1. For the range 44-62, name all the residues that are assigned to a helix (DSSP H, G or I) and exposed (fewer than 15 other Cβ atoms within 10 Å of the Cβ).
2. Using the structure shown, decide if Ile98 is closer than 19 Å to Ile141 by Cα, touching a helix residue (DSSP H, G or I) at 6+ places or on another chain (Cβ under 6 Å) and modelled with pLDDT under 95.
3. Go through (1) modelled with pLDDT of 95 or more; (2) acidic (Asp, Glu); (3) not in a helix (DSSP H, G or I) and name the single condition Asp135 misses.
4. Among the residues of the range 137-148, count how many are surrounded by fewer than 19 Cβ atoms within 10 Å (Cβ to Cβ) and under 13 Å from Ala112 (Cβ atoms).
Amino acid sequence: MKLIAVILLTFSGFSIVRAQCDSDVREAFGGVSSITVYNTYITIGAIADAYVNEVYTSERVKELMGEQTSMLQSVIGMLDKCKVAKSNGLSADDVEYIKELIECLESLKKEAQGLNDYAADGSADAQNRYNKNRDKAWDQIKSLLGLE
């Protein structure tokens, strides 16, 4: 009987440690994703400013926005696999956060594409898409980060 009690206590101890680890991982994921969307937003804006102020050429902007778009698409693809609750230990709130994060990353990708297109052709349409998605991404970032 004592052996059974020891085994049960041992396994329940592992469950507590795992639960704490899961909580720590979720917290770290939230922090990393917050930094990612914020820094991506700042990066795209800084590159746009550099282009408008003739620090970067059109070719350099297109190269950098191509890199941003590719990286964003890769992360979106990875996150898309995580949207199913329970099958991977995520709560409904976790899944909702991931969906909101994907939407924000999609807006950032569209912002980068708008800047890429603007650097390529200078069209008002591309500039409008850049501005529209920049504003949308900022609203989503504020929501994700709990900013006013």
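1. Taking the range 44-62 and keeping what is assigned to a helix (DSSP H, G or I), we get 44-52, 58-62.
Selection gives Ala46, Asp49, Val52, Ser58, Glu59, Arg60.
2. Numbers: closer than 19 Å to Ile141 by Cα: yes; touching a helix residue (DSSP H, G or I) at 6+ places or on another chain (Cβ under 6 Å): yes; modelled with pLDDT under 95: yes.
Yes; evaluated as a whole, the condition is true for this residue.
3. (3)
4. The total comes to 0.
The values are calculated or read from the model by the stated rules, or taken from the named source; none is laboratory data. Just so it is clear, the structure is predicted and the values come from calculations on it, not from any experiment. Counting neighbours? That spans all protein chains shown, and the Cβs are built from the backbone with ideal geometry, glycine included.
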